[in-house]
1. Does Gly154 count as in contact with a His (Cβ under 9 Å, 6 or more places away or on another chain), small (Gly, Ala, Ser) and closer than 17 Å to Ala200 by Cβ?
2. Could you pull out the residue among Ala18, Ala99 that is modelled with pLDDT of 95 or more, over 27 Å from Pro177 (Cβ atoms) and of a type in the set (Gly, Ala, Ser)?
3. Is at least one residue of the range 117-131 in contact with a Phe, Trp or Tyr (Cβ under 8 Å, 6 or more places away or on another chain), closer than 20 Å to Tyr51 by Cβ and touching a residue at least 60 places away in the same chain (Cβ under 8 Å)?
4. Given Ile49, Ile80, Ile59, which one is among the β-branched types (Val, Ile, Thr), under 21 Å from Phe174 (Cα atoms) and within 13 Å of the chain's Cα centre (by Cα)?
5. Out of the residues in the range 42-70 that are under 18 Å from Ala125 (Cα atoms) and of a type in the set (Asp, Glu), state the one that is surrounded by the most Cβ atoms within 10 Å (Cβ to Cβ).
6. Cβ-Cβ distance below 6 Å, separation of 6 or more or different chains: which pairs start in the range 12-34 with a residue that is over 16 Å from Glu104 (Cβ atoms) and end on one that is assigned to a helix (DSSP H, G or I) and hydroxyl-bearing (Ser, Thr, Tyr)?
7. Could we say that Leu39 is more than 23 Å from Pro181 (Cα to Cα), touching a Pro at 6+ places or on another chain (Cβ under 9 Å), exposed (fewer than 15 other Cβ atoms within 10 Å of the Cβ) and of a type outside the set (Lys, Arg) here?
8. For residues that are in contact with a Phe, Trp or Tyr (Cβ under 7 Å, 6 or more places away or on another chain) and at pLDDT 95 or above, scanning just the range 71-82, find the one that is surrounded by the fewest Cβ atoms within 10 Å (Cβ to Cβ).
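The values are calculated or read from the model by the stated rules, or taken from the named source; none is laboratory data. All figures in this text were calculated on a predicted structure; none of them were measured in a lab. When we count neighbours, we look across all protein chains shown, and the Cβ atoms used for this are built from the backbone with ideal geometry, even at glycine.
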Amino acid sequence: MISFVDVPKLLGSAPATAVRHSGLNLPHIAPLTTFVEELRAERGEDYQIPYFDPWDGGIAARILFLLEAPGAKAVVSGFISRNNPDETAKNFHELNFEAGIPREDTVTWNIVPWYIGSETRIRPAGKADIREGLPVLAHLLALLPRLRAVVLIGGKAHQAEPHVRGLCPEHGVFLSPHPSPLFVNHVPENRAKILVALQAVKTYVDGLV
């Protein structure tokens, strides 16, 4: 099998994406693959719901990253992944590396699990979208027995904070700005804000027994 180095935008390559698909039934990710497939069946074909990334920690993850909603590139690749070929994923990949958070300690998902928008452009999630997506989160949390921290990334995800705290009062809940190019690339200080947030998550998780 072809092997690939973990670099940003890797899933812009069809062979790399094919290799990622071949890992969907690995033991650490298979329950999350089943979770997605059952959600797709329940919601119907109009709901485009990408898979979890097998290169992440899957059910062994201690940190759950929750963003807003899948982007167009996630729909194309089929994965919620820091390797998707877009600038947000690139920033997220690089910032996690800089923060020193092991990838196998993490799993990434969205407050709204399905794509919202047109064929080329996602629209902002509204309150109704968030309300519709939140009940799914309880099912996901039940599949993550080693979870210790939830990180809400971006203002839309931050709206779910009370709900998340209610679902997992024993876990640390953190807020981070969104790693979009609009936020990160235009104001140099903004990148540091995300890095500080991620470093706080790492310090918290590493300090747990």
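1. Working: in contact with a His (Cβ under 9 Å, 6 or more places away or on another chain): yes; small (Gly, Ala, Ser): yes; closer than 17 Å to Ala200 by Cβ: yes.
When the stated conditions are applied, Gly154 passes them.
2. The conditions single out Ala18.
3. Within the range 117-131, not a single residue is in contact with a Phe, Trp or Tyr (Cβ under 8 Å, 6 or more places away or on another chain), closer than 20 Å to Tyr51 by Cβ and touching a residue at least 60 places away in the same chain (Cβ under 8 Å).
4. Being among the β-branched types (Val, Ile, Thr), under 21 Å from Phe174 (Cα atoms) and within 13 Å of the chain's Cα centre (by Cα) holds for just one of Ile49, Ile80, Ile59, which is Ile80.
5. Glu68
6. Partner pairs satisfying both residue conditions: Thr17/Ser77; Leu24/Thr33.
7. It is false that Leu39 is more than 23 Å from Pro181 (Cα to Cα), touching a Pro at 6+ places or on another chain (Cβ under 9 Å), exposed (fewer than 15 other Cβ atoms within 10 Å of the Cβ) and of a type outside the set (Lys, Arg).
8. Gly78
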